[in-house]
Amino acid sequence: MEETLDYIDSYFNGTPAAAEKAAFEERVSTDPAFAEAVAFYLSARQTVQAELQEQQRARHQQWYQDLKAAQPRPSVVRRLQPWISIAAAACLLIVLGWQFFFTGTSPQKLADNYIEQSLHTLPVTMGGRADSLQQGLDAFNKQDYARAETIFQALTQQDQPDADAFRYLGIVYLTSSRYDLALQQFNTLSSTPGLHANPGPFYKAITLMKRSTGDDLQQAKALLQMIIDQQLPGHREATNWISQF
């Protein structure tokens, strides 16, 4: 298990070549135990990052309180007042910059937050044609991602596949960091005719924001603007996010 986690960690913290990425994604697709280890690693890393950010905020708050408690002699303050003002302004700029950096408002962090809050538990449908979808959703919500993937893949191969099958299969790939496969599903979903409200462009934008390589962010921004202009699903989030690019 330790060697597996070391391998997963080196993948996410390095810059794997195309062949290494393909091998990693193939193993996630075919090895349920490995897919579970990837899900565990990603969950643990998010928890650690959140704890580190909280510790950094706490240290900054303590530093600020200590600075506020310091009371220099009035005569010294009068002599140094101009320099203190300049230094205080400089410190404020540094602190504001530090806070901006650690608040995690980058497009990738926005995608992380959305995935964590909205895509780790999916709503379960009921009845009729949706029975197979329900089984896949049940498996996903129980973190049985390999079974969920198998079910959704089978649904996408039907003669008249339900558009939600592409949506949920894409989400399985997105939450397991298989971004190329996720984009394939969301592209198919985006081009599905007859959908009154198509969420495909929004999920594609989230995937590009999360991956953040090459021109991903430029593409994501263009998609968000289109979503806003056409009032597609996700337009409220898109309106809040687009200023962060």
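One residue is enough: does segment 163-184 have a residue meeting the conditions part of a loop (DSSP other than H, G, I, E, B), farther than 24 Å from A111 by Cα and either outside the structural domain of E25 (by TED's automatic domain parsing) or aliphatic (A, V, I, L, M) (or both)?
For segment 163-184, residues part of a loop (DSSP other than H, G, I, E, B), farther than 24 Å from A111 by Cα and either outside the structural domain of E25 (by TED's automatic domain parsing) or aliphatic (A, V, I, L, M) (or both): absent.
Would you check if there is a residue in segment 204-212 being loosely packed, with under 14 Cβ neighbours inside 10 Å and out of contact with any Ser or Thr (no Cβ under 7 Å at 6 or more places or on another chain)? No, segment 204-212 has no match at all.
Condition first: out of contact with any helix residue (DSSP H, G or I) (no Cβ under 7 Å at 6 or more places or on another chain) and closer than 19 Å to T175 by Cα. Now tell me which residues in segment 206-236 satisfy that.
T213
The values are calculated or read from the model by the stated rules, or taken from the named source; none is laboratory data. Values in this document were obtained by computation on a predicted structure and should not be read as measured data. FYI the Cβ positions are ideal-geometry reconstructions off the backbone, even for glycines, and counts take in every protein chain you see.
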